[in-house]
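Asks: Would you mind keeping the following structure in view while I ask a few things?
The values are calculated or read from the model by the stated rules, or taken from the named source; none is laboratory data. Computed from a prediction, not measured in an experiment: that's the story for all the values here. Cβ placement follows ideal geometry from the backbone for every residue including glycine, while neighbour counts extend to all protein chains displayed. Protein only, heavy atoms only, side chains kept; ligands, DNA and RNA dropped before computing areas. Shrake-Rupley method; radii C 1.70, N 1.55, O 1.52, S 1.80 Å.
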Amino acid sequence: VQLQASGGGLVQAGGSLRLSCAASGHSFRSYTTGWFRQAPGKERDFVAAITSGGGRIAYADSVKGRFTISRDNARNTVYLQMSSLTSEDTAVYYCAAGRAIFSAWTERESWPYWGQGTQVTVSS
């Protein structure tokens, strides 16, 4: 499966942004899909993930209550709605797909497919 992330940009602190991850390949609907982010000089960290049918979702503690992950399997697209953004959210955001078990979602190595990343910059 191939992934294409988009929707990044420059936003003021407190603002909102929606990222999209468009997938190619008929098997996308069977994959769990997630978002990670990487700030300059830091590791790529887990942000959120959603199972193939949307029945299970997880968020990093740092984004709970502010970010919402969703998916539209008819459009082969996963979204990350981000609100109440702070400068700490500035990073390159990557979407990923795989079939990792829930307990392994936060591990980068669990995700075999990655998009190219989209930059999110929050100005304070």
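Asks: Could you state the per residue volume, in Å³, of the convex hull enclosing the Cα atoms of segment 1-100?
Replies: Hull volume normalised by residue count: 94 Å³.
Asks: What do you reckon, how do D72, D61, D45, D89 stack up by accessible area (1.4 Å probe), largest on top?
Replies: Heavy-atom accessible area, descending, gives D61, D45, D72, D89.
Asks: For a label point 7 angstrom out from the Cα of R29 toward its Cβ, which stretches of segment 38-57 have the backbone nitrogen within less than 11 Å?
Replies: 53
Asks: At a 10 angstrom cut-off on C-beta neighbours, averaged per residue, how do the peptides 1-13, 76-88 rank from highest to lowest?
Replies: Order by mean packing, descending: 76-88, 1-13.
Asks: In sequence order, what are the phi-derived ³J(HN,Hα) couplings for segment 32-39 according to the Karplus relation 6.51 cos²θ - 1.76 cosθ + 1.60 with θ = phi - 60°, rounded to whole Hz, with x for glycine and proline?
Replies: Taking θ as phi minus 60°, the curve returns 6, 10, x, 10, 10, 9, 9, 8 Hz for segment 32-39.
Asks: Now for a different question. Find how many whole Å separate the alpha carbon centroid of segment 46-124 from the alpha carbon centroid of segment 1-38.
Replies: With segment 1-38 and segment 46-124 each reduced to a Cα centre, they are spaced 7 Å.
Asks: How much area per residue is accessible in the chain when the probe is 1.4 Å and only protein heavy atoms are counted (Å²)?
Replies: Per-residue value: 50 Å².
Asks: Tell me the carbon and sulfur percent of the accessible area for the chain, rounded to whole percent, probe radius 1.4 Å.
Replies: 46 percent
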